[in-house]
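Take a look at the structure below.
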Amino acid sequence: MNEELISIAKDIESMKIRGAGRIAVAAAKALKIASESSKAGSLEEFSREIKESARYLVHTRPTAVSLPNSVRYVMINGLRPDIGDLEELRLSVAGAADAFISNAENALKLIGDFGANRILSGDKIMTVCNSNAAIEVMKRANQQGKDIEVYAMETRPRFQGRITAKALAKEGITVNIAVDSAARFYMKDMDHVIVGADAVTSNGAVVNKIGTATLAMAAREARVRLMVAAETFKFHPETIVGELVEIEERAPEEIIPTDIMEEFKGIRVRNPVFDITPDEYVDIIVTEKGIIPPQASFYLLTQLYGWRLMDDEPWE
C-alpha cells in the first residue's frame, strides 16, 4: 500500500486532519495518489489495490460519513467495470477524485452564499468546533459588508474553537473565545447559532462535535435560530433504512495527560467526540443544493442515493 496514503489515513485517525469536509477531500486525494502510484500490471491487480486502499481509509474514523461517501464517489465513478484498459482505469480513478475535490470546493462557496443571506448586519453568532462550511457562511457575510460578532466556544478537549477563532479574526471579524460551559450564559445575546455537521441523518438529526446539542438546547430556550451548514456528502445514506450512526469515543489521554494519568487510577475517563442534535432543535440546513428544513433530509437523501442501497460497498 502506498506510504503517502497510509500517512494521510493516520493523519485522519489522529485528527491531524480534522473536520468532515477536510477528511472527505483528504480521502479523495489519497485514492488519487494510490491510483497514480500503482505498479499493478493488470486490471484485476489494480482493482484489488484500490479496494484495499479504500477499505483502509474508511476504517479510520467511524462517525464522519463524509469519509465513506467520498470514497464511494471515487470508487463508483472511477473504478468502472466497463473500462478494459489499465491506463484508462487509472486515469478514471484519478479523475473521479479530482471531480469530488472540485465539487467539494464549489459546495463551500455555494453554502457560504446561501447561509450569508440569512445574516443581518449587527448579528451576533455562536459557533462550536471547526467547520469549513460554518466558517464560509460567516466569512461570506463579512465580505458582504455585514458587521457581525462571533462567539467561538473553545471546544474541549482538542480546542478546535481556537482554530475557528483565528480563521475568522484573519478575515477581520470580531471574535470572542469562551469556555464551552458559558454557552447558555451568552446565548441570550445571540441572533444565530451556526454549526457544521459530521453526519446528517434521514430524519434531520445532526451529528456534530460534542457540545453541539447543548448549544441547540440553549438556543431553543432563548429563541435563537440554529443553522447547520453541511455539504450533501455529509448526509448519511444508511440511516434511510434505520441504521444508527456510531458515535466515536477517543482515548482518555486527550483529556487527562499521560504524565498525570496515574493520579486518576481506577477512574474511567470518557471522551465521546460527537453528540446528536434532534431535528426539532434545527431551524435550517444549508447545503450546496439550497436551504432545507431538517424534515426534508429524507427527500434529499433519496435524491442523492436513491431508494436502493448497494448490497456490497464498492471497496468490498
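With a Förster radius of 35 Å applied to the C-beta separation of Thr258 and Glu171, the computed FRET efficiency comes to 0.45.
Among all the aspartates and glutamates, which ones have a C-alpha under 16 Å from Lys109's C-alpha, if same-chain residues fewer than 8 places away are not counted? Here the aspartates and glutamates satisfying the reach criterion relative to Lys109 are Glu136, Glu171, Glu231, Glu288. GNM remark for the chain: springs join alpha carbons under 10 Å apart, and the peak mean-square fluctuation among Glu238, Glu262, Glu45 falls on Glu262.
Among Ala94, Ala30, Ala40, the largest mean-square fluctuation in a Gaussian network model of the chain, built with springs joining Cα atoms closer than 10 Å, belongs to Ala40. Translational diffusion of the chain was estimated from the Stokes-Einstein equation, with Rh taken as the Kirkwood radius over Cα pairs; at 20 °C and 1.002 mPa s the coefficient is 105 µm²/s. Bridgeable lysines around Lys124 (alpha carbons under 16 Å apart, same-chain partners fewer than 8 residues away excluded): Lys139, Lys146, Lys188.
All other residues with a Cβ under 14 Å from the Cβ of Val175 taken together, and with Lys, Arg as +1 and Asp, Glu as -1, what is their net charge? Once positives and negatives cancel, what remains is 0.
Each of Ser297, Ala222, Gly122 was scored by the projection of its Cα onto the charge dipole of region 111-305, and the greatest displacement toward the positive side belongs to Gly122; charges sit on the C-beta of Lys, Arg, Asp and Glu. Based on alpha-carbon atoms, the Kirkwood radius and the radius of gyration of region 3-109 give Rg/Rh equal to 0.96. Taking springs between alpha-carbon atoms closer than 10 angstrom, which of Ser47, Ser37, Ser131 fluctuates most in the Gaussian network model of the chain? The residue that fluctuates most here is Ser37. Taken along its three principal axes, the alpha carbon spread of region 47-93 comes to 36, 16, 14 Å, from the longest extent down to the shortest.
Starting from region 1-100, pick out the trypsin sites (Lys or Arg not before Pro) whose DSSP state is loop and whose Cβ has at most 14 other Cβ atoms within 10 Å. Show your work: numbers first, answer last.
Values: sites: Lys10, Lys16, Arg18, Arg22, Lys29, Lys32, Lys39, Arg48, Lys51, Arg55, Arg72, Arg90; in loops: Lys16, Arg18, Lys39.
Sites meeting the loop and neighbour criteria: Lys16, Lys39.
Among the listed pairs Lys10/Lys265; Lys170/Lys209; Lys234/Lys289; Lys16/Lys166, give every one whose C-alpha distance is greater than 19 Å. The answer is Lys10/Lys265; Lys170/Lys209. Partner lysines whose Cα lies under 17 Å from the Cα of Lys51, excluding those fewer than 8 positions away in the same chain, are identified as Lys29, Lys32, Lys39.
No lab work stands behind these numbers, since they all come straight from the coordinates. For clarity, every value in this text was computed on a predicted model and none was experimentally measured. Every residue, glycine as well, gets a Cβ built from its backbone with ideal geometry; the counts of neighbours run over all protein chains shown.
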